[in-house]
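As structure tokens, the structure follows; a few thoughts come after it.
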Amino acid sequence: MWNKFLPFTSRSQEGRAIMRLFSMFLGVLLLMGNCSAALATSQKAMALREANGLTVFTPPEKFLASNFVADEMNPAFIFGPVNSFVSSRKCPTTWLIEEGAKNIPAKAGSPGQPAEYTLYLEEDCPDKVVYYVFIDQSGPTPQQWIDYRRQFHGQSKTEPEFGLTKSKLEQACQDGCGVGAELRFIQENGKLLRQSPEKFLLQELKFAPIYDLNQRKKISQ
């Protein structure tokens, strides 16, 4: 009596086994697709590094712990610290520096001549590679900051355009929100964004500032 049910049971078990194998096969295909996408993105990032002459770099802790502004001429806010911004990014990040400048940080902070150098925070996303281009200013005081710019812009430009900013930065230092870095540019897939870094942080990334330079006070989080 039971023998006549065996063929049906065997076919049923065989069908379930085939379905399991098919599901596993689909899973492997999806995994391979994701790996291929990740590899393609990494290749794009590597190509941009090579095109810009950039190499992997470990920034000084003083820079990473610094607050930063995101407008060279007339910043309205202070953000920070740099490490917090890095942690807020959703895609893998890597710090880069120009190959010819990788020894500059070791010489930074010379008396009377504070060195500034450029660091690139690479954010490697599936659909784009973003460079957040920082200037390490963890050495200069506010006065050194304006004196350094006077070499390039002259007395007539630095005093009216940077003088007020210097005063605001000094007040921020007194309030415990000193600045040691500047986010100067943002590039997406090798192209410079037209929107200012400060507006991009506020409007696109929703990255909250910690200090209002115009109001000269801390911003409660």
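Here are a few things to note about the model shown:
- PRO114, sole failed condition from (1) surrounded by fewer than 16 Cβ atoms within 10 Å (Cβ to Cβ); (2) at pLDDT below 65: (1)
- Single condition LEU48 does not satisfy, out of (1) under 27 Å from ALA181 (Cβ atoms); (2) at pLDDT below 95: (2)
- Within the stretch 13-36, none of the residues are at pLDDT 95 or above and over 19 Å from the mean Cα position of the chain (by Cα).
- Residue list for the stretch 196-221, filter: part of a loop (DSSP other than H, G, I, E, B) and under 16 Å from the mean Cα position of the chain (by Cα): SER196, LEU205, LYS206, PHE207, ALA208, PRO209
- When each of PRO126, PRO92 is tested for being exposed (fewer than 15 other Cβ atoms within 10 Å of the Cβ) and modelled with pLDDT of 95 or more, the lone residue that passes is PRO92.
- Every residue from the stretch 66-93 that is without any contact (Cβ under 8 Å) to a residue 40 or more places away in the chain and within 21 Å of LYS218 (Cβ to Cβ): PRO81, ASN83, SER84, SER87
- Against the numbered list (1) at pLDDT 95 or above; (2) assigned to a helix (DSSP H, G or I); (3) buried (at least 17 other Cβ atoms within 10 Å of the Cβ), THR41 comes up short only at (1).
The values are calculated or read from the model by the stated rules, or taken from the named source; none is laboratory data. The shown structure was predicted, so the numbers you read here are calculated from the model rather than taken from an experiment. In this analysis, Cβ positions are derived from the backbone assuming ideal geometry, glycine residues included, and neighbour counts consider all displayed protein chains.
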